[in-house]
Structure formats: structure tokens, C-alpha cells
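Enquirer: A single structure is presented below for examination.
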Amino acid sequence: MARLVELERGIWLEGLDQDLAREVEALCGVIENSVADAAVSLLMFERAAARSHEPLDKAAWEGHEDLVRRKHKELDVQAPWVEGEWSGGRATRLFDRARRDVIREKWESGEVPQSYAHRLPFLHARSFTRAVAQVRRAIGKLAELDTGDARAKIVAACGQFDEALPDITPVRDSIEHAEDRMRGLNRKGKPMTLAPISNEMIEAPSGGVLIGDSLINGRYGGTVDDGSHAEVDLADDTLEVVRVAVQRIFDALPWRLGQRRFLPD
């Protein structure tokens, strides 16, 4: 189970220009929210991934098919014949309509269609990646500000983050620009040279394979801007890198001595 990401920070900044202090506070708020988003996304990913590996519920599947058959019988009585339609075509058309009707009814009652449920691990994996990448962007902006003695420590924390999680930004960029990546285009709109790849899912020593969403043993990734395959580890270890970097930055900032905030609260 995903661990809780615990942080500690001060309440009021001192020794900074008022406008600068407001900017720092705003960025700290973005960082806090993004860390929370990452932790929740990881928890949701783990739960969705566990459900996706559960064996097929045969009784539920048979019940669904029975509903479709009953709906088909109703439609067969109620629906008018289409002039010139042969019986086999009519049966196919009514079965398709019966399936759609059953799925709509289930959706209205709160049940997620199987093809939607299959996307849940990918949805949470992307949310996790985006949240971690947002932390990196926010601490990067913080590193650009003149926070006095804190700045060098913030810059160092950003460097340690990048060293530990080099693929976060490339994978996030490919999520945001899937319409280009899946056409084989990089950020400049130029064709990518697809690099060799070898993993549990694909063996392509000569390259040439374009990958959109991939989930392999708790790692999410795909083809990134330089044509290589990059992945993000959907795990507590990734969150720990985030926690350590953020805590170092919070510790470096010039908070007024006294009251502290503990997160999550």
C-alpha cells in the first residue's frame, strides 16, 4: 500500500520582500497540492491494478450476457422490421442495440463498463506522473527566485531530484503531447528516430517501435521526445525522492521561528 507522504514546514516567511514572500508561498501551495495528488494517485493506481489482475467473475459475466439476451428478446418483439433487411442482419443489429442499452443502464446505475475499467490503472499512472512532474516544475521556479541563503539549497535539491528521476519530465511531456508522439513526431514536429528497446513487453533491437501507454510491472512509460522508451516507477521509492527534495526545500526557506505545519493535516 502506498505510504503516507509526511512533510513539515513553517507558517510565516521572514526576511523576504513582501511580493517575493507571496510568490514563494504560492509555489509552496502548488508543491503541497501536487505531493498530495501524487500520493493519492499512487494509492488509486495500486487499487486499480490489483482489481485488474483479479480473475474474471464468471457469474457477473454470465449475468451480463443474460441481460443482453433478455433485452434482445424485448427488442425483437418491439422493433419494427427494416424494409429489405435480412433476418441475420436484423439479429446482429438488435444484439448490438441490446448491448448498448444494457451498458447505458449499468452506467446510469454507477457501474463502469469493462473497457473503461481497463483504463483506470493507466489513468492513475498518468495522474501520478503529472503530479510528480508538477512538483519538479514548481521547485524549479522556486530555485529561480532570490531567496537568499536558501537558494543554493533549493537548487541542490532540484539537482538531486533530477538525478534520481530523470524520466519524469520526458514521460510527462509525451502524455501531454500524445497526439504528436503517436504520429512519431518530436516536440519540434519532426519525425523521431525510434531507438532500440528491450523489456518484458517488447524486444526490438533495431528500433522502429512506437509505444504509447505501457504498464510493465508497476512502471508506466512510452516513447519520448528523443525516440527512446522512458518509464516512471509507480512506487513509494519515487514518492520518497519527491518527499526528500520537498522537505529539504521547506527546511531551507526562512520561516519565522515558532509554529509549524505538519502535512497532510
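Enquirer: Give all pairs with beta carbons closer than 6 Å in which a residue from the range 236-256 that is over 17 Å from Thr129 (Cα atoms) meets a residue that is among the basic types (Lys, Arg) and not in a helix (DSSP H, G or I); count only pairs at least 6 apart in sequence or on separate chains.
Expert: Every condition considered, the pairs that remain are Phe250/Arg9.
Residue-by-condition table, conditions (1) of a type in the set (Lys, Arg); (2) in contact (Cβ under 8 Å) with a residue 60 or more places away in the chain; (3) out of contact with any His (no Cβ under 9 Å at 6 or more places or on another chain):
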residue	(1), (2), (3)
Lys190	yes, no, yes
Ile197	no, no, no
Met201	no, no, yes
Ser206	no, no, yes
Ile211	no, no, no
Gly218	no, yes, yes
Val224	no, no, yes
Gly227	no, no, yes
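Enquirer: For Ser109, are the conditions met, namely being free of Cβ contacts under 8 Å to residues at least 24 places away in the same chain, more than 20 Å from Glu231 (Cβ to Cβ) and touching a Pro at 6+ places or on another chain (Cβ under 9 Å)? Explain how you work it out, then say what you get.
Expert: Values: free of Cβ contacts under 8 Å to residues at least 24 places away in the same chain: yes; more than 20 Å from Glu231 (Cβ to Cβ): yes; touching a Pro at 6+ places or on another chain (Cβ under 9 Å): no.
Judged against the criteria, Ser109 is not a match.
Enquirer: So if I check each of Ala39, Ala21, which one is without any contact (Cβ under 8 Å) to a residue 40 or more places away in the chain, closer than 26 Å to Glu6 by Cβ and of a type in the set (A, V, I, L, M, F, W, C)? Outline the logic, then answer.
Expert: On the way: Ala39 fails: without any contact (Cβ under 8 Å) to a residue 40 or more places away in the chain.
Step by step, each of Ala39, Ala21 is checked, and only Ala21 is without any contact (Cβ under 8 Å) to a residue 40 or more places away in the chain, closer than 26 Å to Glu6 by Cβ and of a type in the set (A, V, I, L, M, F, W, C).
Enquirer: Return yes or no: is Ile197 under 23 Å from the mean Cα position of the chain (by Cα) and among the β-branched types (Val, Ile, Thr)? If you could, list the steps in order and put the result at the bottom.
Expert: Working: under 23 Å from the mean Cα position of the chain (by Cα): yes; among the β-branched types (Val, Ile, Thr): yes.
Yes: the conditions hold for Ile197.
Enquirer: Does Gly189 satisfy the condition of being small (Gly, Ala, Ser) and surrounded by 13 or more Cβ atoms within 10 Å (Cβ to Cβ)? Working first, answer last.
Expert: Working: small (Gly, Ala, Ser): yes; surrounded by 13 or more Cβ atoms within 10 Å (Cβ to Cβ): no.
Judged against the criteria, Gly189 is not a match.
Enquirer: Which ones in the range 140-163 are outside any helix (DSSP H, G or I) and either among the charged types (D, E, K, R) or buried (at least 20 other Cβ atoms within 10 Å of the Cβ) (or both)? Break it down into steps so the answer makes sense when it comes.
Expert: Going through the range 140-163, the residues outside any helix (DSSP H, G or I) turn out to be 145-149.
Answer for the range 140-163, where residues must be outside any helix (DSSP H, G or I) and either among the charged types (D, E, K, R) or buried (at least 20 other Cβ atoms within 10 Å of the Cβ) (or both): Asp146, Thr147, Asp149.
Enquirer: Could you list, in sequence order, the residues of the range 41-94 that are assigned to a helix (DSSP H, G or I), within 18 Å of Lys106 (Cβ to Cβ) and among the acidic types (Asp, Glu)?
Expert: At the first step, the residues of the range 41-94 found to be assigned to a helix (DSSP H, G or I) are 41-52, 58-78, 87-94.
Still in the list and also within 18 Å of Lys106 (Cβ to Cβ): 51, 58-72, 74-75.
Within the range 41-94, Glu62, Glu65, Asp66, Glu74 qualify.
Enquirer: Could you tell me which numbered condition Gly148 fails, if it satisfies all but one of (1) over 30 Å from Ala38 (Cβ atoms); (2) touching a residue at least 40 places away in the same chain (Cβ under 8 Å)?
Expert: If we test Gly148 against (1) over 30 Å from Ala38 (Cβ atoms); (2) touching a residue at least 40 places away in the same chain (Cβ under 8 Å), just (1) comes out false.
Enquirer: Among the residues of the range 98-128, which ones are surrounded by fewer than 16 Cβ atoms within 10 Å (Cβ to Cβ) and touching a helix residue (DSSP H, G or I) at 6+ places or on another chain (Cβ under 6 Å)?
Expert: Once the filter is applied, which keeps residues that are surrounded by fewer than 16 Cβ atoms within 10 Å (Cβ to Cβ) and touching a helix residue (DSSP H, G or I) at 6+ places or on another chain (Cβ under 6 Å), the range 98-128 yields only Pro113.
Enquirer: Among the numbered conditions (1) hydrophobic (A, V, I, L, M, F, W, C); (2) part of a helix (DSSP H, G or I); (3) over 24 Å from Asp213 (Cβ atoms), tell me where Ile103 comes up short.
Expert: Unmet for Ile103, out of (1) hydrophobic (A, V, I, L, M, F, W, C); (2) part of a helix (DSSP H, G or I); (3) over 24 Å from Asp213 (Cβ atoms): (3).
Enquirer: What number of residues within the range 21-64 are among the acidic types (Asp, Glu), surrounded by 12 or more Cβ atoms within 10 Å (Cβ to Cβ) and over 15 Å from Val135 (Cβ atoms)? Talk me through it step by step, then tell me what you get.
Expert: Quick first cut of the range 21-64, residues among the acidic types (Asp, Glu) only: 23, 25, 32, 37, 46, 54, 57, 62.
When the remaining residues are screened for being surrounded by 12 or more Cβ atoms within 10 Å (Cβ to Cβ), the result is 23, 25, 32, 37, 46.
Next, only the ones that are over 15 Å from Val135 (Cβ atoms) stay: 23, 25, 46.
The qualifying residues number 3.
Here, each number is a calculation from the coordinates, and none is a lab measurement. Since the structure is predicted, the reported quantities are computational estimates derived from the model, not experimental observations. When we count neighbours, we look across all protein chains shown, and the Cβ atoms used for this are built from the backbone with ideal geometry, even at glycine.
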